[in-house]
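Shown next, in structure tokens, is the structure this report addresses.
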Amino acid sequence: MINICGTTLSYNQRIPDWKPQFPEQDIKIDPVTGEKDITLIIKPPRCLKNIPLRAMEQVYEDFQGWMYNQSTVEAMISSFDKKTGESRRISVLDPMWLVNFSKKDIDCLFYNKIAYEKPDKVQAQQYQKLLNLCYAKDINSGRYWKSNAVKDSRRLLIKLQSLEDIN
């Protein structure tokens, strides 16, 4: 058994292949002064392009309400199915999980504000603020990275690049 960064691996398991990056040097010599201008060329890191999000249950039709629970430190969404008589509870541990709800669910949660006790106001408002942003910028699970916020940031980046080219 091998212990790497707190993870125990057996010998037949694959050990992660961590390789250091060595930048390439681009050396240019100024013909007038003879000084060297060294530029380091670093390859972009290999990383995730799309961050996987937890699949969330859909609650729009059976929604009852949602609240911040101090004892479990999470938002609780309650729903009740009138046909079967079953009630269910969805736990949202991280406000970012709200991004993965459908458009109808985000609309429903936006119009029905989160319930909380006074000492928990700051924590509960984190969930509500993120939900307000998702509603305003049309960010939801159905859009898959095609939200208006991404488009606006791309437009801004293109404008900034064109201004740099002019100057």
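At a glance:
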item: Net charge, Ile41 excluded, C-beta distance under 11 Å - Lys, Arg +1, Asp, Glu -1; result: -1
item: Charge dipole magnitude, Cβ of K and R +1, D and E -1 - the stretch 63-137, Cα centre, debye nearest 20; result: 220
item: Peptide ranges 100-108, 31-39 listed from the most packed, as the mean C-beta count within 10 angstrom indicates; result: 100-108, 31-39
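Rule-based calculations on the coordinates, nothing more; no lab input. These figures come from a predicted structure and were not determined experimentally. FYI the Cβ positions are ideal-geometry reconstructions off the backbone, even for glycines, and counts take in every protein chain you see.
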